[in-house]
Amino acid sequence: MALDILASIAIVVVVIVALGVILVFNSLITARNRVKNAWAQIDVQLKKRADLVYNLAEVVKGYSKHEKNVFEEVTKRRTGILGSSSQDEVIAQSNALSASMKSVFAVAEAYPELKANQGYLDLQRQLVSLEDGIARARMVYNDVVTIYNTRIATFPQNILAPPLGFGETGLLETDAIDRLAVKVKL
């Protein structure tokens with residue numbers, strides 16, 4: 001009789017532990033998927049920006065035939081962003097695109113009639129709006145990453161996370177964020 005009670009208690013304990021592990025695992029999966037989704041939102045915004053920058057460069061190109069290298073660089077960076085497969089590649093290509101954008105705006109400054117062109121002005125406004133969206137998406141990403149990192153660092157997740165394959169994810173730091181931003185003059 002005492003053996004049956006001990007066996008029943010052992011089974012209950014095993015079931016409770018198993019349910020706890022399942023709950024922890026599922027919460028970690030949910031948190032990791034939120035991090036992936038937040039990065040995907042940034043990625044979508046950066047790809048939209050790459051397309052918008054390309055369109056902006058095309059408008060400027062119509063006014064300045066002799067600035068071919070500037071437009072080739074924008075095209076190269078846009079292709080790089082669209083073809084990137086990792087977060088680091090996207091950030092590196094976005095940084096390079098931001099640098100290329102300075103050249104596009106420098107060319108535009110030399111053409112007063114271009115700065116008055118409605119299509120050019122509309123594209124610049126869209127770019128400003130998109131930059132605001134990217135900034136918001138980066139904030140959401142960092143918030144979600146902080147929640148995820150906190151979750152895997154607290155008890156009991158900190159015991160279960162490493163063997164289950166959950167590791168810390170890096171935040172988008174200020175330096176990386178500054179490099180992603182395109183300075184727009186209206």
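The values are calculated or read from the model by the stated rules, or taken from the named source; none is laboratory data. This is a predicted model, so every value here is computed, not measured. Note that each Cβ is placed from the backbone with ideal geometry, even for glycine, and that neighbours are counted across all protein chains shown.
What to note about this one:
- Pick from segment 109-159, criterion modelled with pLDDT of 80 or more and either in contact with a His (Cβ under 7 Å, 6 or more places away or on another chain) or small (Gly, Ala, Ser) (or both), ranking: nearest to residue 18 (Cα to Cα): 153
- Note on segment 20-67: among residues that are among the polar types (S, T, N, Q) and modelled with pLDDT of 85 or more, the one that is nearest to the chain's Cα centre (by Cα) is 41.
- Residue within segment 164-180 that is over 16 Å from residue 35 (Cα atoms), over 13 Å from the mean Cα position of the chain (by Cα) and modelled with pLDDT of 85 or more present: yes
- Criterion: in a helix (DSSP H, G or I) and in contact with a Pro (Cβ under 7 Å, 6 or more places away or on another chain) - qualifying residue of 60, 24, 14: 24
- Matching residues in segment 82-99 - criterion: being among the hydroxyl-bearing types (Ser, Thr, Tyr) and either in contact (Cβ under 8 Å) with a residue 40 or more places away in the chain or closer than 16 Å to residue 130 by Cβ (or both): 94, 98
- Number of positions in segment 88-115 that are surrounded by fewer than 16 Cβ atoms within 10 Å (Cβ to Cβ) and within 12 Å of the chain's Cα centre (by Cα): 2
- Of residues in segment 21-36 being in contact (Cβ under 8 Å) with a residue 24 or more places away in the chain and not hydrophobic (A, V, I, L, M, F, W, C), the one surrounded by the most Cβ atoms within 10 Å (Cβ to Cβ): 32
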